[in-house]
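The values are calculated or read from the model by the stated rules, or taken from the named source; none is laboratory data. Here the structure is a predicted model, which is why all the values come from computation and not from measurement. Neighbour counts run over all protein chains shown; Cβ positions are idealised from the backbone, glycine included. The area values use the complete protein model at the heavy-atom level, side chains included, leaving out ligands, DNA and RNA. Shrake-Rupley method; radii C 1.70, N 1.55, O 1.52, S 1.80 Å.
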Number of protein chains: 2
Amino acid sequence: MTHVFDEATAVEPIAGGFRAHTHPAYNNMVGPFGGITAGTVVAALQAHPEAQGHPLSLTLNFAAPIKDGAWDLAVTVLRTNRTNQHFVFVLSQGDGPVASGTAVFGTRRDTWGATETPFPQVQAPEDYPEQSMPDFVEWAKNYETRFVEGSLVMDGPQDDSTTTMWLRDKPARPLDYPALASIADSFYPRIFRRRGTYAPAGTISLTTYFHASPAELEQQGAEHLLATARAARFGHGHFDQYGQVWGRNGTLLATTHQIVYYKDPQA
Amino acid sequence: MTHVFDEATAVEPIAGGFRAHTHPAYNNMVGPFGGITAGTVVAALQAHPEAQGHPLSLTLNFAAPIKDGAWDLAVTVLRTNRTNQHFVFVLSQGDGPVASGTAVFGTRRDTWGATETPFPQVQAPEDYPEQSMPDFVEWAKNYETRFVEGSLVMDGPQDDSTTTMWLRDKPARPLDYPALASIADSFYPRIFRRRGTYAPAGTISLTTYFHASPAELEQQGAEHLLATARAARFGHGHFDQYGQVWGRNGTLLATTHQIVYYKDPQA
């Protein structure tokens, strides 16, 4: 049986790139969940006949709402070096471009290494109850989410936008780069927490760096991931979000940074 | 008299984009300092006849060394919305593409705002001595740098890669978006500090979010900026760096994230 994530990120080769389709299971309030679009782009690039190495960085800029149905990914392999490969891509639907971005794939070598950021102080995933997002957030139903701090329970404005959560695909699914790209965008908008209420908000640009080697993804398997994120500044209708995604065993698998448009709910 | 930063980031329109030139004052060990390339791209996009609003995000991927001399910037205005505008661009020299990236310009509105990350606990810039980078790092001579912590003085391996510094253009120059883009890349590679020695290292991809409004840039003027950065993880030949650039008055002007290739100096 095909996992719903694999259904949603399936692509077929077309001239100059790939065709993908939105999937109703990953709908967001307007258009698809950004994470599933990111995951689909990563899946497509991995399927590119010239691809070398594994995903190292992904930047995705959302230029217009993606409508339900097919979208096309035009891929340019800009340059292939000995240890890395550069992609530029544009997502389009019938009436024009809806998103664009770049990616770098890289070859990983054994080197000296160190994780400098400490693993957050948390208990095991089983020690936190599973909490659902509101029923109208379709995409969140595909994640088993256990909040450590910063859930979407609306108890008024907060001084700190941090959300830390254990989560994994639901049903559980072995982690790969497309799934990691999606999970790196699985935080609800930080403005909700600061203002204690929903507000119009949408990611403008997101960048994820994949620290995980293929062997580290395999070690993680279908276990829970620990994801944490917060904003640095809200102002002039935009806020940033910096986040980390950790494996259950304490391996830092990805770091991610995004900038988000918002309207003030109290304005 | 033209400031050396303006000389280095000068562009002329050509069919499909702009022509720029490397400037010997901003040379790095191999090719130009990445920050000056980022600043030149921002200057070019601001000069684009269709540009609307001001820089909000910039992603720049370095695909090959940029050789001394001219380089061309091919710019595609992917989509112009009411409140933001999306660019895709490729940098090339005679024999092919050397870099690529995306940028988003946006219109800033007055909204509720908050800076969540605290301003680092530091003294005034004048309380720290000016410290030069080694003489062979040409580009660094264009910055007045006063380290609060994490200077390039080599006193052996360190457990923490953090560098916090006051800096500004030298000679002082009123801050604008190109200069902010450049300063966001003005940290020496974090691997140097962790390993206590130089190592081959180069940025693969960098992303900067510009939080500063034009009015905030004007308030900053030619004062010192406080820049701080650290890595989260080093491994498999790559490390990330997350940084913040603050105005002297405590305004968070930019956040930045980059992924860097390195070779282990002890391997």
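With a probe of 1.4 Å, find how much accessible area the range A:25-93 has per residue, and write the answer as a whole number in Å².
Numbers: 2360 Å² over 69 residues.
Accessible area per residue, the range A:25-93: 34 Å².
I'd like the carbon and sulfur percentage of the solvent accessible area for chain B, probe radius 1.4 Å, heavy atoms only, ligands and nucleic acids excluded.
Values: 4900 of 9810 Å².
Here it works out to 50 percent.
Given Cα pairs under 8 Å that are at least 6 residues apart, what percent is the relative contact order of the range B:110-267? Intermediate results must be reported in sequence, preceding the final value.
On the way: 305 pairs, mean separation 35.2, N = 158.
Dividing the mean separation by the residue count of the range B:110-267 yields 22 percent.
How large are Rg and Dmax for chain B when calculated on the C-alpha trace, in angstrom?
Using the Cα atoms of chain B, the pair Rg, Dmax is 17.8, 53 Å.
What's the average, rounded to a whole number, of partner chain beta-carbon atoms within 10 Å of each residue's beta-carbon in B:223-230?
On the way: counts 0, 0, 0, 0, 0, 0, 0, 2.
Shielding by partners across B:223-230 averages 0.
With the other protein chains left in place, how much accessible area per residue, in square angstrom, belongs to the range A:129-267 at a 1.4 angstrom probe?
Numbers: 4380 Å² over 139 residues.
On a per-residue basis, 32 Å².
Dividing the alpha-carbon radius of gyration of the range B:1-66 by 2.2 N^0.38 Å (N being the number of residues), what value is obtained?
Its radius of gyration relative to the 2.2 N^0.38 Å reference: 1.14.
Where does the range B:119-197 land on the Kirkwood hydrodynamic radius, alpha-carbon pairs, in angstrom?
Value: 13.5 Å, from the Cα pair sum.
Answer rounded, prolate or oblate for the range B:66-213, using the Cα gyration tensor with square roots of eigenvalues a ≥ b ≥ c: rounded when a/c is under 1.5, else prolate when a/b is larger than b/c, else oblate. Kindly include the intermediate steps, with their values, before the conclusion.
Values: a/c = 2.01, a/b = 1.28, b/c = 1.57.
Note, shape of the range B:66-213 comes out oblate.
Give me the inter-chain shielding for B:250-262: mean count of other chain Cβ atoms within 10 Å, whole number please. Let's see the in-between values first.
On the way: counts 0, 2, 4, 1, 3, 8, 2, 10, 4, 10, 1, 6, 2.
Across B:250-262, the average partner-chain Cβ count within 10 Å equals 4.
If R₀ is 45 angstrom, what is the calculated FRET efficiency for the pair B:Glu12 and A:Val30, using the beta carbon separation as r and rounding to 0.05? The partial results should precede the final answer.
Working: r = 41 Å, r/R0 = 0.91.
After rounding to 0.05, the efficiency reads 0.65.
So how exposed is B:Phe119, as accessible area in Å² (1.4 Å probe, rounded to 10)?
About 70 Å², rounded to the nearest 10.
Quick one: check the C-alpha center-to-center distance for the range B:215-231 versus the range A:57-123, whole angstrom.
What the calculation gives is 29 Å, centre to centre.
Any idea how far apart B:Met1 and A:Asp155 come out in nm if each label point goes 7 Å out from Cα toward Cβ?
Inter-label distance under the simple model: 6.1 nm.
Using a label point 7 Å beyond Cα on the Cα-Cβ vector, give me the inter-copy distances for B:His3 in nanometres, one decimal, shortest first.
5.1
Report the accessible area of A:Asp68, computed with a 1.4 Å probe over the heavy atoms of all protein chains in place, in Å² rounded to the nearest 10.
Taking all protein chains as shown, A:Asp68 has close to 120 Å².
Using a 1.4 Å probe and ignoring any ligands, DNA or RNA, find the accessible area of A:Tyr198 and quote it in Å² to the nearest 10.
90 Å²
If a paramagnetic tag sat 7 Å from the Cα of A:Glu130 along the Cα-Cβ line, which residues of the range A:150-191 would have the backbone N under 11 Å from that point?
From the range A:150-191, the list is A:168-172.
Relative contact order for the range A:182-267: what is it in percent, counting Cα pairs under 8 Å that are at least 6 residues apart?
Normalised by residue count, the contact order of the range A:182-267 is 38 percent.
Is there a simple number for the mean count of other chain Cβ atoms within 10 Å of the Cβ of residues in A:97-109, and what is it?
On the way: counts 5, 3, 4, 8, 4, 12, 2, 9, 0, 6, 2, 4, 8.
Taking the mean over all residues of the peptide, I get 5.
Between the label point of B:Asp160 and that of the same position in each other copy, find the distances and list them shortest first in nm, with every label point placed 7 Å from Cα along the Cα-to-C-beta direction.
The answer, with the shortest distance listed first, is 1.9 nm.
For the full complex of protein chains and a 1.4 angstrom probe, list A:His21, B:His86 by accessible area with the highest value first.
On the way: A:His21 85, B:His86 0 Å².
Ranking A:His21, B:His86 by accessible area, largest first, yields A:His21, B:His86.
Just need the relative contact order of chain B here, percent rounded to a whole number, with Cα pairs under 8 Å and 6+ apart. Write down the numbers at each step before the final one.
Working: 593 pairs, mean separation 46.2, N = 267.
Taking the mean separation of contacting Cα pairs over the length of chain B, I get 17 percent.
What's the Kirkwood radius of the protein assembly as shown in Å, using all Cα pairs? Don't skip to the end; give the middle numbers.
Details: mean 1/r = 0.0430 Å⁻¹.
Averaging 1/r across every pair of different Cα atoms and inverting gives 23.3 Å.
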